[in-house]
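The structure appears below as C-alpha cells.
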Amino acid sequence: MTGLAGKVALVTGASRGIGRAIAGRLAADGALVAVHYGSNEQAAKETVGAIEAEGGRAFAVPAELGVDGDVDTLVAGLTEGLTEHTGAARFDILVNNAATVSFSPLDALTEDEFDRIFAINTKAPLFLVKRTLPMLRDGGRIITISTLATRTAPPAVGYVMSKGAIDVMSRTLAVELGGRGITVNAVAPGVVLTDVFAALREDPKAQAALAGSAALGRVGRPDDIADAVAILASEEARWITGQVIDVTGGLSLRPRTFG
C-alpha cells in the first residue's frame, strides 16, 4: 500500500512491541517514519533496519521521556532527522505510543511512582503535541495509545488515571485543533502479546482463558493495533476525530455466567 506516500510520521516508543508494529505499518503504507526510543538504541536500529529491508524509510530519534527536558531533546532530534531526510522540519502524523505500565494498586502506589507514570504517559504526550504543532502540517493526524483499562477499572489506579487523561486530552484537542483540519484520536487496546505480558506468551492456558473472554476468541497482537492506527492516519479517516477507538477484539463483551 502507498496510501501514506509523501507523508512523514513520528512514532514514540517505536523500538519494540506495539510501537515497532505501528512504525512498520506506516512505513509499509509509504510514510517516512521517525522511530523514537528511550534507551534501547539497538532495538531502535533493528526497527529501522526491518523497515528499510522491506523497502521503507525510517530514522531513529533518541530521547528519554519522563525527565527534565525530555520533549526538548526529542524535538531537537526530530528536527535534525527531518531536515536531513526531507530538507524541512515538517511532518504529518504523530503517534504517542511510548508509555510505562504499572500494576500497583492504591496501597502499593507511591507518590514517586505516580509522578513518573504521569510524566511519561500523560505530560510527555501533551507537551509533545504542543511543541510540535508548528511542525505538524494542516490536515495532520494525532493518535495516542490509550487502554481498555479506563473502562474496566482494574486495580492499577495510577496507570489507569494516566490513560484516562489521554482520552480527555484527545477529545479536547480535537476541538482545539479542528480548525486546522487536524484529527485527534486515541486507540484503546486490551491485552496484547508484547513484553508487557511476557509471561502470558509462555502460558497457553492463560492465553486460552483470556481468549475466551474476547468476542473474536483470541489474544491481541501488535499488528492488530498497528492496523487500526494506520486507518486513523489515512485520508479515509479525515472525518473521524475526538474518538477513543476500542481495538480489543471485543474483550470483556461476553456476559458473565451466573448460577
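Bear in mind these aren't lab numbers, they're just calculated from the coordinates by the rules spelled out. Keep in mind that this is a model prediction, so the values were computed, not measured. Here the Cβ positions follow ideal geometry from the backbone for every residue, glycine too, while neighbour counts run over all protein chains shown.
Structure notes:
- Pairs exceeding a 22 Å alpha-carbon distance, out of 7/163; 130/163; 7/130: 7/163.
- Helix axis angle, 157-177 relative to the chain longest principal axis, alpha carbon, degrees: 40 degrees
- Under the Debye formula (equal points on every Cα, no solvent term), log10 I(q)/I(0) of the chain at q = 0.13, 0.14 Å⁻¹: -0.81, -0.94
- Counting only Cβ charges, +1 for Lys and Arg and -1 for Asp and Glu, the dipole size of the range 38-97 around its Cα centre is about 200 debye.
- Efficiency of FRET from Cβ geometry, residue 199 and residue 89, R₀ 51 Å, rounded to 0.05: 0.75
- Spin-label model, residue 240/residue 227: points 7 Å from Cα along the beta carbon direction are separated by 1.3 nm.
- Taking label positions 7 Å along the Cα-Cβ direction at both residue 253 and residue 57, the computed distance is 3.9 nm, reported to one decimal.
- Estimated FRET transfer efficiency when R0 is 45 angstrom, pair residue 67-residue 211 (beta carbons, to 0.05): 0.75
- Total charge dipole magnitude, the chain, about the Cα centre, Cβ charges on Lys, Arg, Asp, Glu only, Debye to nearest 20: 740 debye
- For the range 1-99, the alpha carbon positions stretch 39, 28, 19 Å along the principal axes, listed from largest to smallest.
- For the range 1-80 versus the range 192-259, the gap between their alpha-carbon centres in whole angstrom: 23 Å
- Overall, the range 92-191 carries a charge dipole of about 420 debye about its Cα centre when +1 sits on the Cβ of Lys and Arg and -1 on the Cβ of Asp and Glu, all other atoms neutral.
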